[in-house]
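Structure first, commentary second.
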Amino acid sequence: MVMMVLLLTVCVASLSGGLALLGYTEGRIAGAHLKAVKTSYAANAAVHLGIDAVARLPQSALWPSTGTAAALGATAPVMAIAPGEIVDLDARTAELDRDAVRRWPLGPDTPRWRLVAWGRVPQAPASSMRIAIWIADDVMDGDGTPGTDFNGMLMIRGEAFAQGGAARAVVAHIRREAGLVRIVSWREE
């Protein structure tokens with residue numbers, strides 16, 4: 001009888017420990033998923049801020065090389081996400097340009113990304129999440145000048161960065177015609 005009670009006690013203790021571990025793991029998974037969703041929404045918001053900036057000056061053919069998204073202000077292009085977590089946006093821009101050369105080897109028509117805005121999400125100043133916005137001429141432009149838009153199409157890239165290395169990116173192609181800006185494509189990367 002004593003052996004039976006002892007065996008039952010060991011089984012209950014093992015089950016309790018397993019359930020506690022399962023609960024802890026589920027909590028961590030849910031927290032990571034929530035952070036990923038928030039980061040994805042922030043990247044989408046970054047692209048919308050870029051589209052809004054272009055919509056304010058829709059006729060400018062120089063958008064790939066001039067213009068900013070004023071909603072985020074201007075600071076040094078290095079963002080501190082958390083203690084020990086820094087994003088160097090100049091290095092990130094160079095990385096995006098290398099990727100563009102690899103993906104679209106078009107010589108002078110290869111898109112060149114230009115950082116136009118970066119900082120905290122405007123409606124969440126207490127958040128540690130940061131966003132950055134880049135604009136480039138589209139691949140099909142064909143004018144030989146990556147800083148000038150000939151066909152009214154631009155690419156806008158928004159990236160969001162959160163604590164723990166969470167990052168999301170969204171790229172949109174927009175068309176500017178007759179003083180309006182319209183979204184042609186939208187994809188998360």
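Ranking Ala55, His33, Gly84 by Cα position along the charge dipole of the chain, where only Lys, Arg, Asp and Glu carry charges on their C-beta atoms, puts His33 farthest toward the positive end.
Rounded to the nearest 500, the 222 nm mean residue ellipticity of the chain from helices alone is -13500 deg cm²/dmol, with -39,500 (n - 2.57) taken per DSSP H run of at least 4 residues. For the chain, the longest principal axis of the Cα atoms and the long axis of helix 89-103 meet at an angle of about 80 degrees. Spin-label model, Trp186/Glu26: points 7 Å from Cα along the beta carbon direction are separated by 3.3 nm. Distance from the alpha carbon centroid of region 3-24 to that of region 112-189 works out to 53 angstrom.
Dipole magnitude for the chain: computed about the Cα centre from +1 point charges on Lys and Arg Cβ and -1 point charges on Asp and Glu Cβ, it is near 440 debye. Give the value in nm², to one decimal: projected area of the alpha carbon convex hull of the chain, averaged over all directions. Reported value for the Cα convex hull: 14.9 nm².
Each principal axis of the Cα cloud of region 77-157 was evaluated for its coordinate range; sorted largest first, these ranges are 43, 24, 16 Å.
When Glu26, Glu85 are ordered from fewest to most other Cβ atoms inside 10 Å of their Cβ, what list results? Sorted ascending by nearby Cβ count, the order is Glu26, Glu85. Helix 2-56 axis versus longest C-alpha principal axis of the chain: approximately 10°, rounded to the nearest ten. Taking Ala82, Ala30, Ala160 in turn, the Gaussian network model of the chain (Cα-Cα springs below 10 Å) assigns the largest fluctuation to Ala30. Considering the chain as a Gaussian network with a 10 Å cut-off on Cα pairs, which listed residue, Ser40, Ser16, Ser127, attains the greatest mean-square fluctuation? Checking each option, the largest mean-square fluctuation is seen for Ser16.
Just checking the listed ones, Ala45, Ala136, Ala94: in the Gaussian network model of the chain with Cα springs under 10 Å, the one fluctuating most is Ala94.
Read-outs throughout are calculated quantities, based only on the coordinates presented, and are distinct from any laboratory measurement. Quick caveat, the model's predicted, so the values are computed rather than measured. Cβ sites come from the backbone with ideal geometry, for glycine too, and all protein chains shown count toward neighbours.
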